[in-house]
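We did not get these values from a lab; they are worked out from the coordinates using the rules stated. Since the structure is predicted, the reported quantities are computational estimates derived from the model, not experimental observations. Positions of Cβ are backbone-derived with ideal geometry, glycine not excepted, and every protein chain shown enters the neighbour counts.
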Ligand SMILES: [Zn+2]
């Protein structure tokens, strides 16, 4: 997707947004990595890619410091390969 080609429909109709799709508590804030309803938690911006051909989108966290902390946060569980 980052190469401009949609992995779902194969079209070169991918747009990006560096402060993209959000999943904050209100639906309007930045992505919440830690915390829940009513808490401040750790928030960061998402980098989104959206295909205008089929509507598929992907989100990435560009904040390396935040990514390094995820394993210390209880609500995030490592997915075992091949489960
Ligand atoms: Zn597509």
Discussion item. Within a 10 angstrom radius of the beta carbon, how do 49, 60, 15 rank from fewest other beta carbons to most?
Written reply: 15, 60, 49
Worksheet item: What ranking of 79, 70 emerges when the number of other C-beta atoms within 10 Å of each C-beta is taken as an exposure proxy, fewest first?
Response: 79, 70
Item to complete: Counting other beta carbons within 10 Å of each Cβ, put 50, 78 in order, fewest first.
Response: 78, 50
Fill in: Where labels lie 7 Å past Cα in the beta-carbon direction, separation of residue 60 and residue 77 in nm
2.8 nm
Item to complete: Let me know the shape class of the range 39-83, please: from the alpha-carbon gyration tensor, a ≥ b ≥ c as square roots of the eigenvalues, rounded when a/c is under 1.5, otherwise prolate if a/b is greater than b/c, or oblate.
Response: oblate
Worksheet item: What is the spin-label model distance, in nm, from residue 21 to residue 3 if the labels are put 7 Å beyond Cα along the C-beta direction?
Response: 2.2 nm
